1. Among Ile103, Gln142, His76, whose Cα sits farthest toward the positive end of the charge dipole of segment 14-163 (+1 at Cβ of Lys/Arg, -1 at Cβ of Asp/Glu, about the Cα centre)?
2. Report the far tail of the P(r) of segment 11-66, meaning the percent of Cα-Cα pairs longer than 14 Å.
3. Please work out the Cα convex hull volume for segment 12-249 and give it in Å³ per residue.
4. Where the centre of each part is set by its Cα atoms, how far does segment 165-227 sit from segment 45-114, in angstrom?
5. Which trypsin sites (Lys or Arg not before Pro) in segment 126-221 sit in a loop by DSSP (not H, G, I, E or B) and have at most 14 other Cβ atoms within 10 Å of their own Cβ?
6. Ranked highest first by average number of other Cβ atoms within 10 Å, how do 75-82, 208-215, 149-156 line up?
7. Hey, rough spin-label estimate for Ser31 and Leu109, points 7 angstrom out along Cα→Cβ, what's it come to in nanometres?
8. What residues qualify as long-range amide H neighbours of Ile175, i.e. H under 5 Å apart, gap of 5 or more or another chain, H built at 1.01 Å from N?
Amino acid sequence: MSTANPSSTPLLEVQNVSKYFGSIIALKDISMSVYAGEVMCLLGDNGAGKSTLIKILSGVHQPSEGRYLVEGKEVHFKSPRDALNAGIATVYQDLAMIPLMSIARNFFLGSEPTKGWGPFLRFDAAYADRVTRAELARIGIQLRDTTQPVGTLSGGERQSVAIARAVYFGAKVLILDEPTAALGVKEAGVVLRYIAQARARGLGVIFITHNPHHAYPVGDRFTLLNRGRSYGTFAKSEISREEITEMMAGGEDLAELSHELAEFARTDALIADAAQELAKEAEQLQQLEQHHSTDEQ
């Protein structure tokens, strides 16, 4: 298994993290890290524990066991604001954007630049326009009008605005929650390009997805979760896309499913044979009844 950049300190790291909700084990002994200029892909099917781990990384939950380190120092986040102040920005699948609000205002949502003073204090539209254009241009988005509603953007462009916003406000680590889940092939490609550009700018990126076909092209390392436990972390040179897919599904589960399908097919064939026999018997009975009726006449 991979131990990337052993001479440097990870931007973010969790060591043997577990999370319990009463008697339910949501995560057990999970370890992973992300370095500057790296895309770490966190993969797992539905129910694998990805959402719980995201909430720990972003400060929503605290781990029941284990350690959480940022740049080598142990942290105990009590809220998402604590994580954000430490340079860890989470971009959720359901983006916190207001569709009817302009792109520029959404870019500065919660931290709007102003000018004037007292009762004359107002939103500095010119400054917001200039910064928004510059930051989006750095990741390849050219806008004609930043005053247009953010709802007019495509899904991929909205994701990109959220990524650019996080970088502008000082993020060192981007945690992207299923950013390509609801996108078509072209739009997913747009987001993957921006992920690669964030890596090129020296950020650490944690790309959470259930789709290995999206993760593999941009990923440097891959941590695989299954039912709250980790299969380990692998460098791209250590694992193929096909192996990732099989491990996500679970080799034993696939074997069991294959056996069940084979048994179903066998049973289905038996049912089909029995139906044919019943049809033949029904036809013979009808012929006998018709013959008996003819004899009586």
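1. So the residue furthest toward the plus end is Ile103.
2. 54 percent
3. Measuring per residue, one finds 137 Å³ for the Cα hull of segment 12-249.
4. Each part's Cα centre sits 15 Å from the other's.
5. Passing both the DSSP loop test and the Cβ count: Arg144, Arg201.
6. 208-215, 149-156, 75-82
7. For the pair Ser31/Leu109, the computed spacing is 3.8 nm.
8. Ala89, Thr90, Val91, Ile206
Bear in mind that the values in this text are calculations on the coordinates, not laboratory data. Quantities reported herein were computed from a predicted structural model and do not represent experimental measurements. Neighbour counts are summed over all protein chains in view; Cβ atoms, including those assigned to glycine, are modelled from backbone coordinates with ideal geometry.
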